Each structure stands twice: as structure tokens, then as C-alpha cells.
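Student: Structure incoming, see below.
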Amino acid sequence: MKKIFKFIIERYLKLLTKIIIRRHKPLVVAIAGSTNKTFIKEQVLVELKNEKGVRGNPRSFNTEIGLPLAVLFLPSGYSSIFKWVDVLLAGTYISVFQRNFPRILVLEMGVQRKGDIKYLLSIIKPSVAVISDLSRNFSDNENLMDEEMACLISFIPKTGKVILNIDHGRVAALEKYSKAPIIFFGKDKKADVRIKNIRRDSNGQNFDLETGNKKSQLKTELFGMHNVYALVAANVVATEIKNCLKSRPSIIKGTNKNVNRKEK
Amino acid sequence: MSELILSPIKEMEIRTSRVFGAVSLAQGVANFDTPECIKRRAIEHIKNGDVARYSLSPGITELREAIEVDLAKRGIHYDFENEIIITAGAIEAISATLLTILDDGDEVLIPDPTYTSYQEAVKNAKGIPVLISLCEEDGWSFDEKKLEENITKKTKAILFCNPNNPTGTIYSKDQLLKILEIAEKENIYVLVDEVYRDFVYDNLDFCSIGLFSKFRKRIIYIFSFSKAYSMTGWRVGFLAADKTLAQKILARHDVLVTCAPVVSQWSALAAIEMADEDRQFFKESFNERRDLICSHLDGMKKWFTYQKPSSAYFSFPKFSKQLIKVLKNDKGNKKKYKLKDYQEKSLSWRLALELLYEAKVAVVPGQAFGNFGENHIRLCFGRSSDDILRVMVRIKEHLDNKYGEKD
């Protein structure tokens, strides 16, 4: 009974989400990988806090039910049938009648099992994908994440953008699946957006960022290399989105010149 | 071979299990079950085959990442990749840390009274626990002079819980800062177990040790999901420490348990993601039960005085002069209750065992928490209101009937 109920909710939410996406055609930025998704998303939202029409997943809703809820901006009904009825009614109204909708959605995409990304891509159509990390949870081999991320990267259209961490071998290896231009970020010399001179103390981390000839300094009160990557990835995404908001088609057509990129 | 003694709390629970009809407010366990959302997620992961294998030694990445985010919301910053380790409860985090930082004969300062197992954890790591009395008259506060007086060349660390068990008090920001400044000056570590951080009442400000990032190289921040999410049986917690130290502790953790139970790690992730409302409900319930237990203690002023706890779920009433007098005059029941010598000498042990065998209620003798806990008993108000009611009525009836006339 529970399974049937869950199936109905899942499919109905999918339908509502497809309707609202088709009506408003937002630009979707997908943030995926094993970790660092929430940090990047939150950082993107911080960088774009002064822009209108940008929204991210509330909490970390990123699964087959969570992602549609994130798009529709609705809470979960958890295990209550009554709450779910409310959620679905509200979702129907939002999907069919609501006029205002964000122009940009910054969404985490979660993977728990094989086929998850394919299912999520049947709901949303991201133009930009960001992957910062692919770590294994268990001590034996598992290629689940590799295959799922390859599925996402190969989905991004030629007019879109793929943003990858070049320092992480498994992430950088996804390059071969992309038909979209790629922006590599990281400490590696080959990175388009390069991290240099990381300095750490008890107040956090400072580092330099080089994008072509442009140099800047960034700092964070957070510790760990993943937070440096999150900040940089978010910086790249935010730059792309800001340009996109100025000139809506630029990011889709891949004409933005703000950062170096590798055309595939 | 150094000898460890079984925690007096566990001893009371074992004794209680053999007493017909006994009601216990001894062990620090709430009467709530683990929230449904956590159990449901655990079952999903079991069905999906996610729990049969070891996780990486520091724990599953999703959980460590979620912990970093959760800590950051509290103003505490640690790197989940290198500085957060998922452990089998707080006690494993403490043990792994002590085993890492102590050499034979090193000393660890421990406030008195405090949680019973800390002393044994230090001894387990071949260290020597050095008890520092808290100032009861000043709300069980730290006296930094006493702290400094007890520091020797062998002192390696100070270990305490905040909020404190059994007193239910919290250390102020100033006190924590002073402790850290002394630790910095004397080059010692500061281990803080914040297992009760989510149960602070009366809108009091709770200051976490993790907020003092200036001293992060000295600090080992410890937390368990046991109390906050009613998950004592799942055995899952974590520690956070500066990278260099955390990597050393990780090696010990690997030797001790390889990794925390994987099903419990997924459940802990569910707790962070979904169980905020449950945690809040627990807190509100404990707050009501605190009032209940205090109202009963108000009716026993003849026997006890007490400070209203501001946190955790323990009351730590002190024996009145009258109670001390009648207990001293009462001949011990050494043979009858199988008292050990040190228990026979302790009034709190004698009263606790007398209450267990005669009134059929289990409490923890204050002496179990250190010498300065003597002449107190600890009552856990995490248990149901019915249990609290039954225990408090039985204690009052027992004391009034047995000692009331002698007074």
C-alpha cells in the first residue's frame, strides 16, 4: 500500500514539475556528485543574493520526490497522507496557475541507485552541470556514481556548460562524455579557473583565483579543500548566471567570454 | 593490569533488573523511541543493501558532510573530509582520542562531579584522572584557580561535558574562554562532550566550545546522536578536531571499531535531515518533566535541597542535614544489600541501594560522579511522567515513613 502511495505521489509530482518547467522554461543548473553539492548550491545562492529570479533546493531535496518538491518549492508530506494531499493540491495550483516563477533554478541532483539521474533528467532539463567531487563511501569498488555522472554530463546540450573539478581524477575523466563546453577549475595548471596560494589559519582560508588574465582573492571562514572548491565552483556558476541574466541566451548559446573554456 | 570498574550507573541498572516491580530513574535514557522518519530511512537502507559493508573508516561522506553543514549553522567550522570522524557513540570518540594523546601516566583533568565513565576511559588509556571540584554554591561552576593548581608536567588534557551530567548546568562563555586560555598556556588538549547541547531550557544561551576557533588546535569536539534523537541503542556519534590531530585519532578509531555501524550512520543522516521537530518535541517534553520532578522535590525540602537544572535531563538533589543525620545514625545493610566497602562508607550509595531494595526505585548515587557528588542522588527526568511520579512518591513515602518519626 505504501509503495503504491509513494508511486502515485512520485508520478504526480513528476507531471506537475514537467508542466511548470514547460510553462516557464527556467535555466536549470544541476549540481551533482557524491559530496559538496549543498556547499556549492548555498554558495551560488549567496553570490546571487542580489539577483531576482534565482532559487535553489530548500534543504537538500534532491531525489525522485525531493527534486520535484524543490522545483515546486513545496515542503515534504513525510509519512502523513493528509500532508501529502495538501502538498499535491498546492502543487497543482502552482504548476497550472502560478504566474511568477524563477528564471534560474540551482538544483542538487542526488543519486542513491542506478538510474536515478536518468529519472531526474526526465523531469528537469539542465543546461549547466557542476561536479566537484566523486568519492566512494565503501571500501570496495563501485562505479555507480561514475556511470550516473556520465549520464548527466552527456545530457548537457552543446549550447550549455559543464563545470568540472580538474584536480579530482574521476571528475576530470567525465570530460570525454561532454558535448558542451567545459570549464575546469582547480589547482592544476591546466585549470581554466585556477586556485593558487591557499593560506589557512584559525579564521579559515584565503586563496588567489586566476581566470585568464584576471586575478582575484577569495576567503572563507570554512575549513577543508572542498570548501575552496565549492567557493570557486560557485563563483564560476554565478559569473555564468549573472551574464545570462544580463543577456538571457548567452549561456545557452555558449557565447560568454568571461572565462576560458574548452570547446568539445 | 590496571583494573577498571563497571560504571556505577550500569551497576544500578543490573541490580534494578533483579528487583521485582522496581522503577528506574537511574540510567540517562529517555523513554522515547527513535523517531519514525529515522527508523523508516534505516529500513530503506537495509532493504537497498547499503548497510552490509564497512564504510570508509571516518564514516559515510554524506553524513560527515551533513554534520559539517549542521555545525556551520551553529557557527562551528570543521572540514568533513579531514576533521570529522563518525564514531560508535561519544564514549568511543573519547576513548579513541585519549588513546591517541596519552602516554602511560599522563594526567587528565576532570571536573567533579561529572559523567561516571570519563574516569574509566582515562584509565583505559593508561592515564590518570585528576578530579577538580566544581563550585556547587556558584551553580557548579569551574574554578580556574583550582584548574591551574592541578596542572603538572604530566597533564595532557581536560575532559568535561557541557551541559554537565549530572548537575544539569552549563558552563558560561567566560568560563570556557578561561579554560581554553589556560589550555593554550599549558599546552593541553580540551575534550568537550556536548551530548546534551540540544536540551537547554529557559531560553538560556548555550556557548559551544567549537565557537572558539582561535583555539581549534586544542579542541576535540564530541557529540552523540543518542540523546538528541533518542538513539542510545544505535551507538553513533562523531568527533571533530583540527586536521593533524583528527588524522591521528582516525588511526585509533580504525583499530577500535573499523567504522561506526553503517546502518546507524545512515540513520544519523536521517536524524540531521528530518528529525528537527522530534528533537524539539523531546526538549519540550523534558522541560515539562523537569517542572514535574522539581515540584516533587519542593515537597521534600525536609530531605533534599536542589538547584533547578538548566539543561540535560537530570536533577541532582543534595541531602539535607536532616537526611545526612538520620542516614549516619542508621546501621548499614552491608550483608543484606551486598555492599562493597566503598559503598558502605558512602551515604549516597547507602541511600540509593536502600531506595532500590526497600522503595523499589532506582537512582544513581552521587558518589558515582566523583567525591564532590557525595550526599547527592541523580534522578533522570528523561523517563515518562508516570515513572517520575511513581519514583518521587515512593521516595517521599519511604523517607517519611522510615525516618520521619526519628527526626
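Student: Please list, ordered by residue number, the helices (runs of 4 or more DSSP H) wholly in segment B:39-139 having 1 or more residues that are surrounded by fewer than 23 Cβ atoms within 10 Å (Cβ to Cβ) and away from chain A (no Cβ under 14 Å). Give the derivation first.
Tutor: Working: elements: B:61-73, B:89-101, B:117-124.
Counting at least 1 such residues, we get B:89-101, B:117-124.
Student: Any chance you could count how many residues in segment A:72-127 are over 30 Å from A:Ala233 (Cβ atoms) and out of contact with any Gly (no Cβ under 6 Å at 6 or more places or on another chain)?
Tutor: Pass one, segment A:72-127, residues over 30 Å from A:Ala233 (Cβ atoms): A:77-93, A:95-99.
Going one step further and asking which of them are out of contact with any Gly (no Cβ under 6 Å at 6 or more places or on another chain), we end up with A:77-82, A:85-86, A:88-93, A:95-99.
Going through segment A:72-127 one residue at a time, the tally reaches 19.
Student: Which condition number in (1) away from chain B (no Cβ under 14 Å); (2) of a type in the set (D, E, K, R); (3) touching a strand residue (DSSP E or B) at 6+ places or on another chain (Cβ under 6 Å) is the one that A:Glu108 fails?
Tutor: Tallying (1) away from chain B (no Cβ under 14 Å); (2) of a type in the set (D, E, K, R); (3) touching a strand residue (DSSP E or B) at 6+ places or on another chain (Cβ under 6 Å), A:Glu108 fails exactly one: (1).
Student: Further question: With of a type in the set (A, V, I, L, M, F, W, C) and over 20 Å from B:Ala93 (Cβ atoms) as the only criterion, which of B:Ile209, B:Ile182, B:Ile188 stands out? Spell out the reasoning first.
Tutor: Working: B:Ile209 fails: over 20 Å from B:Ala93 (Cβ atoms); B:Ile188 fails: over 20 Å from B:Ala93 (Cβ atoms).
Result of the check over B:Ile209, B:Ile182, B:Ile188: B:Ile182.
Student: Confirm whether B:Asp79 is modelled with pLDDT of 90 or more, among the acidic types (Asp, Glu) and under 30 Å from A:Ser80 (Cα atoms). Before the answer, list the steps.
Tutor: Numbers: modelled with pLDDT of 90 or more: yes; among the acidic types (Asp, Glu): yes; under 30 Å from A:Ser80 (Cα atoms): no.
Taking the combined requirement at face value, the residue does not satisfy it.
Student: For segment B:164-185, what are the residues that are crowded, with 16+ Cβ neighbours inside 10 Å and closer than 20 Å to B:Val108 by Cβ?
Tutor: Within segment B:164-185, B:Asn164, B:Asn165, B:Pro166, B:Thr167, B:Tyr171, B:Gln175, B:Leu176, B:Lys178, B:Ile179, B:Leu180, B:Ile182, B:Ala183 qualify.
Student: Are any of the residues in segment B:184-196 modelled with pLDDT of 95 or more, part of a helix (DSSP H, G or I) and hydrophobic (A, V, I, L, M, F, W, C)?
Tutor: Initially, segment B:184-196 is screened for residues modelled with pLDDT of 95 or more, giving B:184-196.
So of that shortlist, the ones also part of a helix (DSSP H, G or I) come out as B:184-186.
Next, only the ones that are hydrophobic (A, V, I, L, M, F, W, C) stay: none.
No, segment B:184-196 has no match at all.
Student: Checking B:Ser385 against (1) within 23 Å of the chain's Cα centre (by Cα); (2) within 30 Å of B:Glu120 (Cα to Cα); (3) surrounded by fewer than 21 Cβ atoms within 10 Å (Cβ to Cβ), which single condition isn't satisfied?
Tutor: Just one mismatch for B:Ser385, condition (2).
Student: Spot the failing condition for B:Asn31; the list is (1) in contact with a strand residue (DSSP E or B) (Cβ under 6 Å, 6 or more places away or on another chain); (2) part of a loop (DSSP other than H, G, I, E, B); (3) within 22 Å of B:Ala362 (Cβ to Cβ), and only one is missed.
Tutor: Among (1) in contact with a strand residue (DSSP E or B) (Cβ under 6 Å, 6 or more places away or on another chain); (2) part of a loop (DSSP other than H, G, I, E, B); (3) within 22 Å of B:Ala362 (Cβ to Cβ), the lone unmet condition for B:Asn31 is (1).
Student: Specify which of the listed residues (B:Ala260, B:Ala312) is within 14 Å of chain A (Cβ to nearest Cβ), surrounded by 15 or more Cβ atoms within 10 Å (Cβ to Cβ) and touching a residue at least 40 places away in the same chain (Cβ under 8 Å). Spell out the reasoning first.
Tutor: On the way: B:Ala312 fails: within 14 Å of chain A (Cβ to nearest Cβ).
Just one listed residue meets the conditions, B:Ala260.
Student: Here is a list of conditions, (1) modelled with pLDDT under 95; (2) at positive phi; (3) not aromatic (Phe, Trp, Tyr), and B:Gly105 meets all of them except one; can you say which number that is?
Tutor: For B:Gly105, the exception is condition (1).
Student: Could you list all residues from segment A:213-232 that are outside any strand (DSSP E or B), more than 14 Å from chain B (Cβ to nearest Cβ) and surrounded by fewer than 20 Cβ atoms within 10 Å (Cβ to Cβ)?
Tutor: A:Asn213
Student: Same structure, new question: Looking only at segment A:55-78, count how many residues are in contact (Cβ under 8 Å) with a residue 24 or more places away in the chain, farther than 21 Å from B:Val69 by Cα and more than 14 Å from chain B (Cβ to nearest Cβ).
Tutor: 3
Student: Tell me, please, whether a residue that is within 23 Å of B:Glu44 (Cβ to Cβ) and free of Cβ contacts under 8 Å to residues at least 12 places away in the same chain can be found in segment A:103-114. Don't jump to the end; show me each part of the working.
Tutor: Kept after step one, since they are within 23 Å of B:Glu44 (Cβ to Cβ), are these residues of segment A:103-114: A:107-114.
When the remaining residues are screened for being free of Cβ contacts under 8 Å to residues at least 12 places away in the same chain, the result is none.
No, every residue in segment A:103-114 fails to be within 23 Å of B:Glu44 (Cβ to Cβ) and free of Cβ contacts under 8 Å to residues at least 12 places away in the same chain.
Student: Still on this model: Would you be able to say whether some residue in segment B:346-355 is among the basic types (Lys, Arg), without any contact (Cβ under 8 Å) to a residue 24 or more places away in the chain and surrounded by 22 or more Cβ atoms within 10 Å (Cβ to Cβ)? Outline the logic, then answer.
Tutor: So the first thing to find is which residues in segment B:346-355 are among the basic types (Lys, Arg), and the list is B:350.
Still in the running and without any contact (Cβ under 8 Å) to a residue 24 or more places away in the chain: B:350.
Right, trim to surrounded by 22 or more Cβ atoms within 10 Å (Cβ to Cβ) and you get B:350.
The answer is yes; a qualifying residue exists.
The values are calculated or read from the model by the stated rules, or taken from the named source; none is laboratory data. What you see is a predicted model; the values in this text were computed from it and never measured. Every residue, glycine as well, gets a Cβ built from its backbone with ideal geometry; the counts of neighbours run over all protein chains shown.
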